[in-house]
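Please read the structure below before turning to the comments.
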Amino acid sequence: MLRPMVLAALTMDPLTKNPIVILKEVDGERALPIRIGFLEAHAIASEMEGIQFSRPMTHDLLKNFLDLVKAKIERIEICDLKNNTYFALIRISHKNNDMAIDARPSDALALSLRVGAPIFVSDNVIKKSELTARGGEPEDKSEKGKQWTEMLKSLDPEDFGNT
């Protein structure tokens, strides 16, 4: 089953200084932190802040292309978590055809912000993420992986507020 979520915050991992996007359940208490790249964080942050550039950025270009061909992003889905890597699908409708495009969650989120598409996360992804955060058997057993697990355990969705 898919759970509706919103992009609640964009923050930095205090250990690695890498960007993290926080998704929060619409009708619940759970949060899902996803590490992303700096360029994707810039694309998300600029859209969250309403910053306009003189030339289209990559996600704006894709939005413009979809508008031109009259295709619509219906929703994005964070659909899997394997080896600490999240997977997403962008669900598109075009001329009575429904399609799914494989994407990195960060790119899917940047697009969803631009087109106002809802965000969904599968129960399976939430369960896998919670298992790791609650001290289940994490796949990354390195020292950095242990530090990441401890940081996730300390996260409280209320710390992020509504941004």
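The values are calculated or read from the model by the stated rules, or taken from the named source; none is laboratory data. Note that the structure is predicted; figures quoted are calculated from it, not measured. Quick reminder, even Gly has a Cβ in these numbers, built from the backbone with ideal geometry, and neighbours come from all protein chains shown.
Examine region 48-64 for a residue that is out of contact with any helix residue (DSSP H, G or I) (no Cβ under 9 Å at 6 or more places or on another chain), modelled with pLDDT under 95 and closer than 25 Å to Gln147 by Cα, and state whether such a residue exists. There is no residue in region 48-64 that is out of contact with any helix residue (DSSP H, G or I) (no Cβ under 9 Å at 6 or more places or on another chain), modelled with pLDDT under 95 and closer than 25 Å to Gln147 by Cα. Within region 2-19, residues that are in contact (Cβ under 8 Å) with a residue 12 or more places away in the chain and surrounded by 14 or more Cβ atoms within 10 Å (Cβ to Cβ) reach partners that are of a type in the set (S, T, N, Q) and assigned to a loop (DSSP other than H, G, I, E, B) with beta carbons closer than 6 Å, at six or more positions or on different chains, in the pairs Ala9/Thr163.
For (1) in contact with a Pro (Cβ under 6 Å, 6 or more places away or on another chain); (2) over 13 Å from Leu32 (Cα atoms), each residue gets a yes or a no:
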residue: Asp60; (1), (2): no, yes
residue: Asp67; (1), (2): no, yes
residue: Lys70; (1), (2): no, yes
residue: Arg75; (1), (2): yes, yes
residue: Lys82; (1), (2): no, yes
residue: Leu89; (1), (2): no, yes
residue: Asp102; (1), (2): no, yes
residue: Ser122; (1), (2): no, no
residue: Glu130; (1), (2): no, no
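Among the residues that make up region 113-128, is at least one of them without any contact (Cβ under 8 Å) to a residue 24 or more places away in the chain, farther than 20 Å from Leu7 by Cβ and either surrounded by fewer than 21 Cβ atoms within 10 Å (Cβ to Cβ) or of a type outside the set (D, E, K, R) (or both)?
Here is the first cut: in region 113-128, the ones without any contact (Cβ under 8 Å) to a residue 24 or more places away in the chain are 116, 127.
Subsequent filtering for residues that are farther than 20 Å from Leu7 by Cβ retains 127.
Subsequent filtering for residues that are either surrounded by fewer than 21 Cβ atoms within 10 Å (Cβ to Cβ) or of a type outside the set (D, E, K, R) (or both) retains 127.
Yes: one or more hits.
Select, from Arg35, Arg75, Arg91, Arg55, the only residue that is in contact (Cβ under 8 Å) with a residue 40 or more places away in the chain and of a type in the set (Lys, Arg). I'd like the intermediate steps shown before the answer.
On the way: Arg35 fails: in contact (Cβ under 8 Å) with a residue 40 or more places away in the chain; Arg91 fails: in contact (Cβ under 8 Å) with a residue 40 or more places away in the chain; Arg55 fails: in contact (Cβ under 8 Å) with a residue 40 or more places away in the chain.
None of the other options fit; the residue is Arg75.
Set side by side, the residues Gly50, Gly37 differ, and just one is on the phi > 0 side of the Ramachandran plot and more than 11 Å from the chain's Cα centre (by Cα), which is Gly50.
On the basis of being basic (Lys, Arg) and at pLDDT 95 or above, does Arg114 make the cut? Here the answer is yes, as Arg114 does meet what is asked.
Tell me which residues, restricted to region 20-58, are of a type in the set (S, T, N, Q) and assigned to a helix (DSSP H, G or I).
Our first condition is that a residue be of a type in the set (S, T, N, Q); within region 20-58, this holds for 46, 52, 54, 58.
Selection gives Ser46, Thr58.
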